[in-house]
Amino acid sequence: MCGIVGYVGYRDAKEVLLEKLARIEYRGHDGAGLAIRTVTGIEVYKKGGPLAGLARELELRSVRGMLGLGHTRWATHGAPDDRNAHPHASEDGTVVISHNGIIENYRLLKERLAAQGHAFRSETDSEVLAHLIKERYRGDLAGAVRAALTEVRGAYAIVVAHAEHEEIVAARSVSPLVIGVGDGEMFLASDVLALLPYTRRVVFLEDGDLVVLRSQSYDVTDLGGRPRARPPTVVDWSAEAAEKGDCDTFMLKEIHEQPRVLAQTIAGGLRGGAGEARLDLRLDPSSIDRVQIIGCGTAYHAGLVGEHLIERLARVQVEVDIASEYRYRQPIVDERTLVIAISQSGETMDTLEALREAKRLGAKTLGIINVQGSSMTREAHEVLYVHAGPEIGVASTKAYTAQLCALFLFALWLGQARGVVSAARAAQLSAELRDLPRVVDEALDAARVAEIERIAAKYRDARGWLFLGRGVNAPSALEGALKLKELSYVYAEAHAAGEMKHGPISIVDEGLPVVVIATECSLLEKVLSNIQEVRARSGRVIALVNDGDTEAASYADDLIRLPRTDELLSPVVNAVALQLLAYHVASLLGRDVDKPRNLAKSVTVE
Ligand code: M6R
């Protein structure tokens, strides 16, 4: 949700900043800009819309400087046009800022500054920061930023440059910010992915940190100027992992990475003897009476699958909440409640705030997270990394299936520790889990993918879709519909199949594509009845079935055949097929699947 970058060193700042912005453009593509400190002052270039527009304009210009900052925008205040793109500058152009977050008291500040004679050029909340810092500037940039920030309410990561200083000042409160430590150069970015081509030595800034960045040093203090020790850590993601490679899109690459990713996630939890889930958690299983799971979007859907897994394997009561609802619903929590926060980025503001609320209420907390060093990994009591590697496509794919595997491991671990899962059942489930990467690889074979593409082409012009599933695959239906709508911009709705007769069935008519998850499960007969109900109303059934299934197959208009796995693991395999369906419908409609409109990868505003 907005990406900010900064650079000070010996390279061409324009090139470095453009490259870094390209790597985090998934955080927003409503505008892009950069500011470079040159011998004559600070030059600002910005443009509404995707980064490519700005990059094209800059090709024709020579801008020489070795210090600068940049921004890629996800619009909150003001249209996605040139004026509202960042960076924003003070009227005299000496102070420039890029900001990620929302300044909640910006109206008051703007009115006051306007009354003092400041002229504003944009509709954004962020522009007040440039004017405020200019107002407080007395020759010390860090001092001016500190003074300005004490007047600000809201969330921010800001990066600031001044025409007369060979340094960058940056600060964070809520919104993420990472320093990249180089040799004779320093980098800043909202996301570690932007830093990977230059350095893997990083410093994750914390709330209330302010940093002064020079080519040879970085000094972190709090807003009162007291030093804070922030030694660098080394991240183990490689720059290549964040490249498209031979694939046309990041999403397709990430879909096809799933067998390898899942093998990594599973290897982390199935060490040791056959059938034993071993997790490096300092949680005492006997101290957990109930579990609450929080997440947003796809991570929330993973939580819904997790509810089935934990209740079935560990017999512990589970509640699942959309994170943005959890924090305001006065949840009932005590010290025997474990709250699990699921998040790919580890930065989603709704989930982070819900996690903080759970801690405040006295819960033990566990993060199921992908991005190393992200805010949630530092704030949760315990962390289970999902090891999916960088996920760049806005639509979550490999992180989702890795989250499902992590939840499965957790449920198995808890079930074994509580004596609920027998050794024989644990051995059988572990064997199925170990085999899962192979099953997913089989689900991705070229003939199966081609069949999904054919189905996508057949229904691409449908005005709406319905997704149905039951039991552990009811959340799979929700996830299938979310993938399709976020990528193709076509309306899609999902229901637990048994709910259809209580209302949604009235939307079924001739030609409505209805995707039914009918892979093997204890409720398959009931799912088959639901398919008949759709057919009786002339809906077109696209059924996900297992290889060799004949009954469900005989009722469907189109079939997506998938290899078998245990019912509790089937949401992983089904997710892969539904990702491909959404991918191909969206591609055939000419959508930008990596950067769907109106969306950002990491949502760091409320
Ligand atoms: O980084 P997170 O997992 O916390 O993100 C949560 C959601 O914003 C995210 O899963 C979103 O729903 C995806 N774009 C869906 O594909």
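The values are calculated or read from the model by the stated rules, or taken from the named source; none is laboratory data. Keep in mind that this is a model prediction, so the values were computed, not measured. Ideal geometry is used to build each Cβ from the backbone, glycine not excepted, and the neighbour counts take in all protein chains shown. Each accessible area value is taken on the protein alone, full model and side chains, heavy atoms only, with ligands, DNA and RNA left out. Shrake-Rupley method; radii C 1.70, N 1.55, O 1.52, S 1.80 Å.
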Of everything in segment 504-549, what is in contact with a Leu (Cβ under 8 Å, 6 or more places away or on another chain), charged (D, E, K, R) and not in a loop (DSSP other than H, G, I, E, B)? Give them in sequence order. R540
Within segment 555-567, the residues that are under 30 Å from the mean Cα position of the chain (by Cα) and either surrounded by fewer than 23 Cβ atoms within 10 Å (Cβ to Cβ) or at pLDDT below 95 (or both) are R561, P563, R564, D566, E567
Do the conditions hold for R136, that is, is it surrounded by fewer than 24 Cβ atoms within 10 Å (Cβ to Cβ) and in contact with a Gly (Cβ under 7 Å, 6 or more places away or on another chain)? no
Helices (runs of 4 or more DSSP H) wholly inside segment 394-495 containing at least 3 residues that are within 15 Å of the ligand (Cβ to nearest atom), of a type outside the set (G, A, S) and in the same structural domain as R537 (by the TED database): 474-488
Could you list, in sequence order, all residues of segment 334-345 that are within 23 Å of D207 (Cβ to Cβ) and modelled with pLDDT under 95? S345
Exactly one of A575, A552 is within 31 Å of the chain's Cα centre (by Cα) and outside any loop (DSSP other than H, G, I, E, B), and that one is A575
Would you please list the contacts, defined by Cβ atoms under 7 Å and residues six or more apart or on different chains, that run from a residue in segment 124-141 that is assigned by the TED database to the domain that holds Y156 to a residue that is assigned to a loop (DSSP other than H, G, I, E, B) and among the hydrophobic types (A, V, I, L, M, F, W, C)? E127/F120
Taking segment 588-599, which residues are open to solvent by less than 50 Å² (accessible area, probe 1.4 Å) and either among the basic types (K, R) or more than 14 Å from the ligand (Cβ to nearest atom) (or both)? L589
Output for segment 155-182, where each listed residue is free of Cβ contacts under 8 Å to residues at least 60 places away in the same chain and hydrophobic (A, V, I, L, M, F, W, C): V169, A171, I179, V181
Just one listed residue, out of V203, V159, V211, V169, is in contact with a Pro (Cβ under 7 Å, 6 or more places away or on another chain), surrounded by 16 or more Cβ atoms within 10 Å (Cβ to Cβ) and assigned to a strand (DSSP E or B), and it is V203
When restricted to S529, S602, S570, the only residue of a type outside the set (A, V, I, L, M, F, W, C), more than 16 Å from the ligand (Cβ to nearest atom) and at pLDDT below 95 is S529
Run G539 past the list (1) open to solvent by 40 Å² or more (accessible area, probe 1.4 Å); (2) under 30 Å from E442 (Cβ atoms); (3) out of contact with any helix residue (DSSP H, G or I) (no Cβ under 8 Å at 6 or more places or on another chain) and report the number of the one that doesn't hold. (1)
When (1) within 16 Å of the ligand (Cβ to nearest atom); (2) in a loop (DSSP other than H, G, I, E, B) are applied to L281, the one that fails is (1)
Within segment 496-529, residues being among the polar types (S, T, N, Q) and closer than 22 Å to R463 by Cα number 1
Restricting to segment 2-15, count the residues that are crowded, with 24+ Cβ neighbours inside 10 Å, on the phi < 0 side of the Ramachandran plot and in contact (Cβ under 8 Å) with a residue 60 or more places away in the chain. 6
